[in-house]
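To keep things clear, I will list the structure first and then write my remarks on it.
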Amino acid sequence: MTTSYWERTAKKEVFAPLDKDLETEVLIVGAGITGLMTAWNLMQAGKKAVVVEARTIGSGVSGNTTAHLNSSVDCDYHIVTRNFGKDTAKLVAEAAVLGIELVGQVDKAHNLNANYKKLPAYIYAETTDQILELQKELKAAKEAGLDVEEVEEIEGLNFPTGMVVRFNRNARFHPLKFVYGLADTLRDAGVQIHEQTRVEKHNDKGDHVEVTLSTGATVRAQHLVLATHSPIFMHPVHTRMAPYRSYAIAVRTRQPVPDALIYDMRDPYNYVRKEEDDVVIIGGADHKTGQTGDENNHLQSIKAWAEERFGIKEYLASWSAQVFEPADNLPFIGKSITHKRVYYGSGYSGDGTLWGSFAGYLLSDIILGKENKFAELFSPSRLNIKAEAGEFLKENLNVAKEFITDRFSSDASDVKEIQNGEGKILRQGLQQYAVYRDDQGGLHVMSPTCVHMGCVVQWNKMEKTWDCPCHGGRYTATGDQLSGPPATGLRKAEI
Ligand SMILES: Cc1cc2nc3c(=O)[nH]c(=O)nc-3n(C[C@H](O)[C@H](O)[C@H](O)COP(=O)(O)OP(=O)(O)OC[C@H]3O[C@@H](n4cnc5c(N)ncnc54)[C@H](O)[C@@H]3O)c2cc1C
């Protein structure tokens with residue numbers, strides 16, 4: 001798997017696994033920005049929370065992001081206004097700004113030194129269609145109360161752009177300096193955090209939830225927060241959002257890059273920001289998970305975009321991870337529809353650092369039983385047919401297609417066709433296998449059926465993982481659960 005620029009430039013402490021049974025008021029599953037910000041808000045309110053993390057703190061998407069804190073969120077204010085009305089668009093804008101501010105407040109309050117910096121965000125349109133779209137977005141964002149305006153140009157940018165809109169008061173930060181620092185702060189304040197501790201099962205016991213961990217220990221909690229990006233066990237919501245892979249590079253450039261958040265309007269879009277003085281982070285090239293020939297081609301496309309505009313002097317890192325696009329464009333943050341003691345934040349699109357920050361605040365209020373004006377809007381129980389039906393149908397037809405067609409496809413018919421370090425879907429008779437040959441030549445054979453809802457996983461050539469094209473379940477080359485909806489790994493098989 002790839003290593004992000006953030007992982008290369010931040011230092012983490014080790015937290016021991018949880019191997020003893022435990023009782024707590026709140027169990028938080030997942031130590032990314034959502035889980036840790038929820039723990040922080042609960043700590044401020046004096047509520048006892050324990051955090052368990054399957055791998056290491058920040059090893060999920062929070063450590064593989066590009067960390068723009070940008071109020072011009074992917075849900076598009078003109079679309080939210082059209083589907084939900086102007087008042088809702090105002091609430092969304094207010095929530096996004098709060099998410100940005102909270103990161104800054106926590107960074108400052110605890111001296112996390114996470115390079116949090118306020119700066120403007122620019123979106124530029126290059127074609128007539130994009131200009132029309134951007135004009136609609138400018139109007140809706142203004143009406144939603146954001147500090148946004150049309151400007152002549154992006155100051156300091158070395159190539160011409162068409163129409164440009166500037167969103168003021170946004171920010172950037174170093175996500176892992178933030179997440180690692182926050183984990184240390186929480187631990188010092190008495191919050192228990194455990195790494196290498198995977199939640200494998202949960203049982204609703206009426207007045208509490210019982211959770212089984214990979215270490216063999218059991219936790220009894222009054223409230224369970226699934227901060228796992230895609231909430232494990234919560235099947236209904238998995239059908240209401242779609243997994244997309246997204247790519248990023250960190251480089252030193254020959255041409256100067258302005259210190260701002262900059263986005264074009266292509267589909268998929270490209271975007272750029274600085275980190276330190278001479279380090280530039282460029283992202284984009286999104287595509288539906290598991291539905292591309294070779295992931296490396298997507299990485300090449302952002303490299304080419306960057307080379308053409310800024311000239312690349314030095315590559316520092318390249319990485320990729322996954323985002324979840326909700327069918328009605330808004331994140332799901334709140335209480336589960338099906339499990340009364342379970343809560344989650346998900347469906348963040350490409351804005352999950354600010355939504356994760358905001359989710360920590362909202363989930364904490366809901367658990368504490370406080371009134372919150374945002375609760376209904378982001379609740380997983382909302383249903384707006386007008387906003388959701390089209391995307392829901394499109395994405396679920398795509399799932400049905402993948403479910404059926406991948407059962408008849410294969411990459412190889414003999415293990416000899418699999419090179420060291422490579423994985424392939426092997427067909428022998430009617431049977432399919434997910435087969436990985438490690439660097440020493442050893443074969444690892446698994447069932448290719450995703451344990452979540454039964455689709456056939458696909459080999460990700462860039463990350464060397466098995467990715468499910470239906471709901472974004474991901475597994476390591478040897479079949480351990482990595483991320484997405486499944487809570488356990490691929491089943492072992494023999495050929
Ligand atoms: C390339 C890329 C660029 C992005 N850029 C931006 C950006 O510029 N701005 C922005 O706002 N957002 C961006 N995003 C989105 C954002 O980074 C994510 O939405 C956000 O980090 C999600 O945080 P999280 O805490 O919810 O999930 P994660 O950080 O993924 O944390 C979930 C954690 O749960 C753990 N876990 C999973 N299953 C279990 C289990 N069974 N038991 C215990 N633990 C478990 C995982 O190991 C993981 O550590 C980007 C995403 C990508 C992929």
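The values are calculated or read from the model by the stated rules, or taken from the named source; none is laboratory data. Please read these numbers as outputs of a predicted model, since none were measured by experiment. Note that we place each Cβ from the backbone using ideal geometry, even for glycine, and neighbour counts take in every protein chain shown. What goes into the accessible areas is simple: the full protein's heavy atoms, side chains included, and nothing from ligands, DNA or RNA. Shrake-Rupley method; radii C 1.70, N 1.55, O 1.52, S 1.80 Å.
So in the stretch 368-411, with the set limited to residues that are acidic (Asp, Glu) and part of a helix (DSSP H, G or I), which one is farthest from Ile79 (Cα to Cα)?
Filtering the stretch 368-411 for residues that are acidic (Asp, Glu) and part of a helix (DSSP H, G or I), the one farthest from Ile79 (Cα to Cα) comes out as Asp406.
Determine, yes or no, whether Glu314 is open to solvent by 10 Å² or more (accessible area, probe 1.4 Å), assigned by TED's automatic domain parsing to the domain that holds Asn168, free of Cβ contacts under 8 Å to residues at least 12 places away in the same chain and more than 15 Å from the ligand (Cβ to nearest atom).
When the stated conditions are applied, Glu314 does not pass them.
I'm trying to understand the selection: among the residues of the stretch 126-157, which are assigned to a loop (DSSP other than H, G, I, E, B) and of a type outside the set (S, T, N, Q)?
Passing the criteria: Glu126, Ala144, Gly145, Leu146, Asp147, Glu152, Glu153, Ile154, Glu155, Gly156, Leu157.
When the stretch 34-48 is examined, which residues are found to be open to solvent by less than 10 Å² (accessible area, probe 1.4 Å) and either in the same structural domain as Ser246 (by TED's automatic domain parsing) or hydrophobic (A, V, I, L, M, F, W, C) (or both)?
Of everything in the stretch 34-48, those that are open to solvent by less than 10 Å² (accessible area, probe 1.4 Å) and either in the same structural domain as Ser246 (by TED's automatic domain parsing) or hydrophobic (A, V, I, L, M, F, W, C) (or both) turn out to be Leu36, Met37, Ala39, Leu42.
Let me confirm something: among Ile79, Ile123, which residue is in contact (Cβ under 8 Å) with a residue 12 or more places away in the chain, part of a helix (DSSP H, G or I) and over 20 Å from the mean Cα position of the chain (by Cα)?
Result: Ile79 is the single residue among Ile79, Ile123 that is in contact (Cβ under 8 Å) with a residue 12 or more places away in the chain, part of a helix (DSSP H, G or I) and over 20 Å from the mean Cα position of the chain (by Cα).
Return only the number of the condition from (1) open to solvent by 10 Å² or more (accessible area, probe 1.4 Å); (2) closer than 30 Å to Lys142 by Cβ; (3) among the β-branched types (Val, Ile, Thr) that Val73 does not satisfy.
Tallying (1) open to solvent by 10 Å² or more (accessible area, probe 1.4 Å); (2) closer than 30 Å to Lys142 by Cβ; (3) among the β-branched types (Val, Ile, Thr), Val73 fails exactly one: (1).
For residues that are open to solvent by less than 80 Å² (accessible area, probe 1.4 Å) and under 29 Å from Asp87 (Cα atoms), tally how many sit in the stretch 105-145.
Residues that pass the stated criteria total 19.
Can you find a residue in the stretch 379-400 that is farther than 30 Å from Arg427 by Cα and within 16 Å of the ligand (Cβ to nearest atom)?
yes
I'm told Ser230 meets every condition in (1) at pLDDT 95 or above; (2) open to solvent by 20 Å² or more (accessible area, probe 1.4 Å) except one. Can you identify the failing condition by its number?
Failing condition for Ser230: (2).
Under 22 Å from Met1 (Cβ atoms), part of a loop (DSSP other than H, G, I, E, B) and open to solvent by 50 Å² or more (accessible area, probe 1.4 Å), is that true of Gln300?
no
Listed here are the residues, each with its yes/no results for (1) more than 16 Å from the ligand (Cβ to nearest atom); (2) part of a loop (DSSP other than H, G, I, E, B); (3) not hydroxyl-bearing (Ser, Thr, Tyr).
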residue	(1), (2), (3)
Gly454	yes, yes, yes
Trp459	yes, no, yes
Met462	no, yes, yes
Trp466	no, no, yes
Leu482	no, no, yes
Leu490	no, yes, yes
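I want to confirm something. Restricting to the stretch 240-297 and keeping residues that are among the hydroxyl-bearing types (Ser, Thr, Tyr) and not in a strand (DSSP E or B), which single residue is surrounded by the fewest Cβ atoms within 10 Å (Cβ to Cβ)?
The selected residue is Tyr269.
Does the stretch 32-69 hold any residues that are part of a loop (DSSP other than H, G, I, E, B), in contact with a strand residue (DSSP E or B) (Cβ under 8 Å, 6 or more places away or on another chain), hydrophobic (A, V, I, L, M, F, W, C) and more than 6 Å from the ligand (Cβ to nearest atom), and which are they?
Residue satisfying the conditions is Ile57 alone.
Being β-branched (Val, Ile, Thr) and part of a strand (DSSP E or B) narrows it down to one of Val165, Val106, so name that one.
From the options Val165, Val106, the qualifying one is Val165.
Conditions (1) under 25 Å from Thr34 (Cα atoms); (2) at pLDDT below 95; (3) open to solvent by 30 Å² or more (accessible area, probe 1.4 Å); (4) among the aromatic types (Phe, Trp, Tyr), marked per residue:
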{"residue": "Ser379", "(1), (2), (3), (4)": "yes, no, no, no"}
{"residue": "Leu383", "(1), (2), (3), (4)": "yes, yes, yes, no"}
{"residue": "Lys394", "(1), (2), (3), (4)": "no, yes, yes, no"}
{"residue": "Ile404", "(1), (2), (3), (4)": "no, yes, yes, no"}
{"residue": "Ser410", "(1), (2), (3), (4)": "no, yes, yes, no"}
{"residue": "Lys424", "(1), (2), (3), (4)": "no, no, yes, no"}
{"residue": "Leu443", "(1), (2), (3), (4)": "no, no, yes, no"}
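Any chance you could count how many residues in the stretch 190-202 are among the hydrophobic types (A, V, I, L, M, F, W, C) and over 11 Å from Ala39 (Cα atoms)?
So the answer is 1.
Kindly provide the set of residues from the stretch 472-495 that are modelled with pLDDT of 95 or more and of a type in the set (Val, Ile, Thr), ordered by number.
Thr476, Thr478
List, please: which pairs have Cβ atoms under 7 Å, are six or more places apart or on different chains, and start with a residue in the stretch 327-353 that is more than 15 Å from the ligand (Cβ to nearest atom) and end with one that is among the β-branched types (Val, Ile, Thr)?
Lys335/Ile366; Ser336/Val342; Arg341/Val209
Give just the number: which of (1) within 28 Å of Ala487 (Cβ to Cβ); (2) part of a loop (DSSP other than H, G, I, E, B) does Asp439 not satisfy?
Result: Asp439 fails condition (1) only.
State which residue is nearest to Lys118 (Cα to Cα) when the search covers only the stretch 174-231 and only residues that are of a type in the set (Gly, Ala, Ser) and within 9 Å of the ligand (Cβ to nearest atom).
Ala227
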